[in-house]
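*Asks:* I'd like to ask some things about the structure below.
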Amino acid sequence: MKQETLWSLVGSAAAVAAGVMARRAADKAYRHEVGEAPPANPDESDVGWRQALLWGAATGVLVGVVRVVGRRAGREALHRARPGHGRRALRRLGR
């Protein structure tokens, strides 16, 4: 397996794990602020529009941001792990 493919898989796994943790954190924050569990299914008729839209938007943004950060961290780790990275960095610094 190519090193880039391996790190792509690692980055994706990190992004998914970070997304799950972000979702759990959002759930706890919602319970703390509102005093009840967030809507399990915002499509149900007993969930108001405002509550459904706010929960969907908040979790979507949070999980999306965390997944991007996870993938970027994986990509940067791949870049640092490549041979010769240290020499290029020193050349950019003028050494």
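*Asks:* Please report the carbon-and-sulfur percent of the accessible area for the range 1-60; probe 1.4 Å, protein heavy atoms only, DNA, RNA and ligands left out. Each step should come with its number before you reach the end.
*Replies:* Working: 2630 of 4410 Å².
Carbon and sulfur atoms account for 60 percent of the accessible area of the range 1-60.
*Asks:* How many Å² of accessible area per residue for the range 1-75, probe 1.4 Å? All intermediate terms of the calculation are to be shown ahead of the outcome.
*Replies:* Numbers: 5510 Å² over 75 residues.
Using a 1.4 Å probe on heavy atoms only, each residue of the range 1-75 averages 73 Å².
*Asks:* At q = 0.11, 0.16, 0.21, 0.22 Å⁻¹, what is the base-10 log of I(q)/I(0) for the range 1-76 according to the Debye formula with one equal point scatterer per Cα and no solvent? Please give it to two decimals.
*Replies:* Each listed q maps to, in turn, -0.37, -0.64, -0.87, -0.92.
*Asks:* Once fully extended, how much extra length lies between ASP43 and ARG80, figured as 0.36 nm per residue of separation less the alpha-carbon to alpha-carbon distance? Mind showing how you got there, number by number?
*Replies:* Values: separation 37, 0.36 × 37 = 13.32 nm, distance 4.45 nm.
This chain segment gains 8.9 nm when fully extended.
*Asks:* So what's the net charge close to ALA14: Lys and Arg +1, Asp and Glu -1, counting the other residues with Cβ under 11 Å from its Cβ? All intermediate terms of the calculation are to be shown ahead of the outcome.
*Replies:* Numbers: positive: ARG67, ARG71, ARG72, ARG75; negative: none.
Net of charged neighbours comes to +4.
*Asks:* Starting with the highest mean, order 50-57, 64-71, 34-41 by the number of other Cβ atoms within 10 Å, averaged over the residues of each peptide. The partial results should precede the final answer.
*Replies:* Numbers: 50-57: 13.8, 64-71: 16.4, 34-41: 11.4.
Packing proxy ranking, top to bottom: 64-71, 50-57, 34-41.
*Asks:* Treat each spin label as a single point 7 Å out from the Cα along the C-beta direction, and report the VAL34 to VAL69 distance in nm.
*Replies:* 2.3
The values are calculated or read from the model by the stated rules, or taken from the named source; none is laboratory data. None of the values given here were measured: they were computed from a predicted structure. Heads up, the Cβs are rebuilt from the backbone with ideal geometry, glycines too, and the neighbour counts pull from every protein chain shown. Note: accessible area is taken over every heavy atom of the protein model, side chains too, but ligands, DNA and RNA are not part of it. Shrake-Rupley method; radii C 1.70, N 1.55, O 1.52, S 1.80 Å.
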